[in-house]
Amino acid sequence: MNIKLGHKKVYFASDFHLGAPNWEQSRQREEKIINWLDEVSKDAAAIFLVGDIFDFWFEYDKVIPKGFIKFISKISSLRDSGIPIIFFTGNHDLWFKDYFTQELSIPINHNPLEITVEGKKLLIGHGDGLGPGDEFYKFLKSIFTNRFFQWIFKWLHPDIGIRIAQAWSGKSRLSNMEKQEDLFKGEEEWLWAYCKQIDKSRDFDYYIFGHRHLPLDLPVGKNSRYINLGEWVSQFTYAVLDKEGLHLKKFEG
């Protein structure tokens, strides 16, 4: 994928967690996200939404989760206006199928994606399950992405399946808070370690990931950087790439 900037910019955000922790707070966050999308659409060459956009998403054959209609309508409108919207799955919304692709013409990426913007090479992904450690989650992800287990889950009535998934999601979030997963781990930052390992054999200018809920801008190689996008539950951070380079910003609108 090759993107030309001209006088425009490329935007990146992740971890909106729409649907969490309750309807009221999620709706307020949804309005803020829509305001951000309105703002960046003025000069966006493309918008990358890098995983955990929804706190839970599972596509049944004929059913998608209730809610988020304002957000979905907004990205549909932006896509119709000609702005490329690129989605990534995260660990909370692994189960995208073809709804966004068929109905909204928005591609869904389940793995990191390599792109080039004005000669700069980027590696973009949500980041869950990458790098050393976290073996228990990697085991769980192998189950969650298994077609057989997805087929079994699909036979649960959506009212039951979604309630179970929301309870699990809330438990996972609470567990991460108790383990202080949002604190900087220094050299033990596993996504940073993943980028350093890739950088030994590949040539990227920017490594852009989400998942950690911690805005980071760290050196990788001599001329490369690791950017973590943070989250939109309390920080409202995002990244923008223009001809001057890549910058982390906070949306105050």
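The values are calculated or read from the model by the stated rules, or taken from the named source; none is laboratory data. Quick caveat: nothing in here was measured; it's all calculated off a predicted structure. Every residue, glycine as well, gets a Cβ built from its backbone with ideal geometry; the counts of neighbours run over all protein chains shown.
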Of the numbered conditions (1) acidic (Asp, Glu); (2) under 26 Å from Leu214 (Cβ atoms); (3) touching a residue at least 12 places away in the same chain (Cβ under 8 Å), Glu24 satisfies every one except a single condition; which is it? (3)
When you look at Ile53, is it surrounded by 20 or more Cβ atoms within 10 Å (Cβ to Cβ) and touching a residue at least 24 places away in the same chain (Cβ under 8 Å), yes or no? yes
What do you reckon, is Phe209 within 25 Å of Phe56 (Cα to Cα), surrounded by 12 or more Cβ atoms within 10 Å (Cβ to Cβ), modelled with pLDDT under 80 and touching a helix residue (DSSP H, G or I) at 6+ places or on another chain (Cβ under 8 Å)? no
Please tell me if Ile64 is assigned to a loop (DSSP other than H, G, I, E, B), among the β-branched types (Val, Ile, Thr) and either modelled with pLDDT of 95 or more or within 28 Å of Gly82 (Cβ to Cβ) (or both). yes
Pick from the stretch 60-93, criterion surrounded by fewer than 17 Cβ atoms within 10 Å (Cβ to Cβ) and of a type in the set (Val, Ile, Thr), ranking: farthest from Trp155 (Cα to Cα): Ile69
What about Ile33, is it buried (at least 19 other Cβ atoms within 10 Å of the Cβ), touching a helix residue (DSSP H, G or I) at 6+ places or on another chain (Cβ under 7 Å) and β-branched (Val, Ile, Thr)? yes
For the stretch 11-20, check the following and say yes or no: at least one residue is surrounded by fewer than 19 Cβ atoms within 10 Å (Cβ to Cβ) and out of contact with any Pro (no Cβ under 8 Å at 6 or more places or on another chain). no
Starting from residues that are in a helix (DSSP H, G or I) and more than 21 Å from Gly19 (Cα to Cα), keep the ones in the stretch 151-177 and report whichever is modelled with the lowest pLDDT. Trp151
From the set of residues in the stretch 94-108 that are outside any loop (DSSP other than H, G, I, E, B) and in contact (Cβ under 8 Å) with a residue 40 or more places away in the chain, which is surrounded by the most Cβ atoms within 10 Å (Cβ to Cβ)? Trp95
Qualifying residues in the stretch 1-55 (those that are β-branched (Val, Ile, Thr) and in a strand (DSSP E or B)) - the one farthest from the chain's Cα centre (by Cα): Ile3
Number of positions in the stretch 215-247 that are surrounded by 19 or more Cβ atoms within 10 Å (Cβ to Cβ) and of a type in the set (A, V, I, L, M): 6
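Filter the stretch 114-130 down to the residues that are closer than 18 Å to Ala193 by Cα and among the aliphatic types (A, V, I, L, M), then identify the one that is nearest to the chain's Cα centre (by Cα). Break it down stepwise before answering.
Start the filter on the stretch 114-130 by keeping residues that are closer than 18 Å to Ala193 by Cα, which leaves 122-130.
Pick out the ones that are also among the aliphatic types (A, V, I, L, M) and you get 122-124, 130.
Values: Leu122: 15, Leu123: 13, Ile124: 9, Leu130: 14 Å.
Filtering the stretch 114-130 for residues that are closer than 18 Å to Ala193 by Cα and among the aliphatic types (A, V, I, L, M), the one nearest to the chain's Cα centre (by Cα) comes out as Ile124.
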Using beta carbons and a limit of 7 Å, which pairs, at least six apart or on different chains, have the first residue in the stretch 181-192 and loosely packed, with under 14 Cβ neighbours inside 10 Å and part of a helix (DSSP H, G or I) and the second one modelled with pLDDT under 80 and not aromatic (Phe, Trp, Tyr)? none
